[in-house]
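Below is one structure; the comments refer to it alone.
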Amino acid sequence: MTAGIYRPVDDAVRIAVTELVRWIHNDYGLSELHAYELCSEVCKLHLTEMVDPNYVVIASMQKKFLPPCAGKTARRRKVAGLLSATKPPHTRLMFSKELLDHFQNPRNAGELQSSTVSVEVSNPVCGDILRLAARVEDGRIAEARFLCRGCTTSIACASRLTELLTGREVIALSKITAQVIASSFGELPPETIHGAHLAADAVQALVTEYAARR
């Protein structure tokens, strides 16, 4: 069990999950990729808002997924077996190194005080929320920033989206589809493609809102 204390909440989530992954990696000998795989399947997040105000996010998983075994090798084999049992072979290695890098080191995260336009979209199924803001100069995106409360993929896709937006003409933003965002990570399996769709929805909302303000 680990906790992340930070504001905004997406940073608290990222810190809590990253610390849990680091602990699994160090104590059970799993690679970071496999540790993230395990967390994506069985990790639970609990959120509490403190008076400061800061958010406390506790990342945890049931003991049966982290069985006590003598020696790191035995623990690694046991957890690796449980990981294999949580999902079919074609969904393993869900997160690429590029995607994890964007999750652990998100680009352009935070508020954009001088934004020309800002929008908020959500996924009603999983509850992920993405707020996207952009500053437009001479018809081009000069700067873009985001805030995201969501899973690993949603945060990573939002981070990548800000890179794809910067420097583009607003009239060309509709070319940034969910498939374009997913392809920028190599590939996203069906179980995580919702993160790319959330980012693409934010782009379309941004274009619509910008046109309405002109």
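Quick note: the coordinates plus some simple rules give every number you see, no bench work behind them. Predicted, not measured: the structure shown is a model, and the values here were computed from it. For neighbour counting, all protein chains shown are included, and Cβ atoms are generated from backbone atoms with ideal geometry for every residue, glycine included.
If you take all other residues with their beta carbon under 12 Å from the beta carbon of ALA142, and give Lys and Arg +1 and Asp and Glu -1, the sum is 0.
Quick one: net charge of ALA182's neighbours, Cβ under 15 Å, K/R +1, D/E -1? After counting each charged neighbour, the total is -3. According to the square roots a ≥ b ≥ c of the eigenvalues of the Cα gyration tensor, what is the shape class of region 96-153, taking rounded for a/c under 1.5, prolate for a/b larger than b/c otherwise, and oblate for the remainder? Oblate is the answer for region 96-153, as a/c is 1.5 or above yet b/c matches or exceeds a/b.
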